[in-house]
Every structure is written in C-alpha cells, then in structure tokens.
Amino acid sequence: YKEWSLEECIAKFQCGDGTVLTIRKLQSMFEDDWFKMFRKQIKGAMFLSFFAHHGNRPEDWLVGYGVENTTSKGYYDPSTSTMHLHTGKSHKETRVFKAHSVVKNLIYVQTEKLASQGKVLNYLVQNDKGECGNTKTIRDRLQRSFFNNEEFKELCMKPVKDGTKNSFVGPNDLRHLFETHIRYVLKLPKAERHTIMQHISHSKAVSAKRYAQTYRPMVEWAESQ
C-alpha cells in the first residue's frame, strides 16, 4: 500500500481555518446548530453527510427515494430510514442498513425544502431536472458548496503558494478517511467493524492493507493535537 507522508497529507487536506480535514472534523460540523450553518447548502450538506457518517462508494447513493423510485442501485426507504442496495462493485446480495440519524434528518430537510418549492425528491442524488444524478453530481456539489467555497473556511482547501487550490479532494478521499477513522480513531471491535465493511462492500483485507492506511499519518497526528 501507499502511505502518504504527514507533509503530503497536510498539503492536500489543510483547510482555510488552519486545521486538516478528518472524519471527526466533518462529523463535528453536524453537531449543535448545524442547520444555521448549512441552511443555504442543504443539498450539499446531505451529500457531505453521506461521507461523514458512512464509508460507501459514491455510486451507492444513486438510489431512489422510496421503493416506487427504485433504481438499478436500489432505494432509500424513508419510513424505516434504511438503504437497500441491490448491486455493487464487489457484492451480489442486497445490502440493507440504517442511515445514520444525521443523514436521515438531512434527507428529510431536503424533501421539505423541495416541497416548499413545489418539487419532490425522487432520488437521493437528484439533478436540477429532477432526474437521478451521477457521481459527478456529488463531486461537483461538494466542490462548489464546500471545498472551494470561501464561506466555508472549515472545509475550504487552503490555497497553495501559487494561488491555486490544494489537490482535489473527492468522495474516494473521504471514504479512505472514514476507514481510517473506524479502525484507528474509534478503534471499533472486530465484529462491529466487519458489519460496517459489509455495508461498505469492501474487503477487510484490502481495507487494512490499503484504504485505511493512505492518510493514517495525518489522522493520527490530528487526533494527537
């Protein structure tokens, strides 16, 4: 595996407020008065919550809102706040798991916001035409709403010396940070970690040897501060 040096990690993930991006930092943003912070970026905040509280691939969120809108990927059941994923990169059986309470709440707020505009939520990742979006829809929204938005110093990637932004931070980076978080920050018991990895549909061996290691130096450094 490739483990980035602390210097490389900081260069990529340093935020405008001087800290670095970690899952703990992301999750803390959804505590207390989060609605006041995100009220103008509810859709982006919903996307961000997917990665703050779950380690799934971005394509796992390309599902219908309600069984009646099921896509080839699956659907989200608002009555039980459960995700039903039919297909995936490395699994054949349907995965069913509870959406985190933060994710559940943001999905609800997004449905209410659209309803106030006379619109409906048919897909968790929905483009402006009301159609099911794609991974680019997620990536572009995160960049526009947060990682390149000066209003969000907590997440905006700090400009480097030549005036450009830091290296692009995308959903896969957030997934790697999540796997580092559950293994080396939360230090979850093996059985609990195994359940999460089933939901993520990632090999435990691949996670331990690769994905959880990439940004580990930075995460452990940030936790020690």
Tell me the residue from K25, K2, K40 that is free of Cβ contacts under 8 Å to residues at least 24 places away in the same chain and not hydroxyl-bearing (S, T, Y), please. K40
If you take the residues of the range 19-51 that are of a type in the set (G, A, S) and open to solvent by less than 10 Å² (accessible area, probe 1.4 Å), which of them is farthest from F178 (Cα to Cα)? G44
Of all residues in the range 108-128, how many are open to solvent by 40 Å² or more (accessible area, probe 1.4 Å) and under 16 Å from P78 (Cα atoms)? 7
Filter the range 166-199 down to the residues that are among the small types (G, A, S) and modelled with pLDDT of 90 or more, then identify the one that is most open to solvent (accessible area, probe 1.4 Å). A191
Check G16 against each of (1) modelled with pLDDT of 95 or more; (2) surrounded by fewer than 21 Cβ atoms within 10 Å (Cβ to Cβ); (3) of a type in the set (G, A, S) and name the one condition it does not meet. (1)
Do we find that V67 is free of Cβ contacts under 8 Å to residues at least 40 places away in the same chain and hydrophobic (A, V, I, L, M, F, W, C) in this structure? yes
Flagged in the range 1-13 as over 27 Å from S101 (Cα atoms) and surrounded by 20 or more Cβ atoms within 10 Å (Cβ to Cβ), in numbering order, are C9
Assigned to a loop (DSSP other than H, G, I, E, B), among the small types (G, A, S) and modelled with pLDDT under 95, is that true of G163? yes
In the range 129-160, residues that are part of a loop (DSSP other than H, G, I, E, B), modelled with pLDDT under 95 and open to solvent by 70 Å² or more (accessible area, probe 1.4 Å) total 6
Does the range 55-75 hold any residues that are outside any loop (DSSP other than H, G, I, E, B), farther than 24 Å from R193 by Cβ and open to solvent by less than 20 Å² (accessible area, probe 1.4 Å), and which are they? G64
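Table: residues versus (1) in contact (Cβ under 8 Å) with a residue 40 or more places away in the chain; (2) not in a helix (DSSP H, G or I).
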position	(1), (2)
F30	yes, yes
E93	no, yes
E112	no, no
A115	no, no
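The values are calculated or read from the model by the stated rules, or taken from the named source; none is laboratory data. The model shown is predicted, which means the values in this text are computed figures rather than measured ones. FYI the Cβ positions are ideal-geometry reconstructions off the backbone, even for glycines, and counts take in every protein chain you see. Heavy atoms of the whole protein, side chains included, go into the accessibility calculation; ligands, DNA and RNA do not. Shrake-Rupley method; radii C 1.70, N 1.55, O 1.52, S 1.80 Å.
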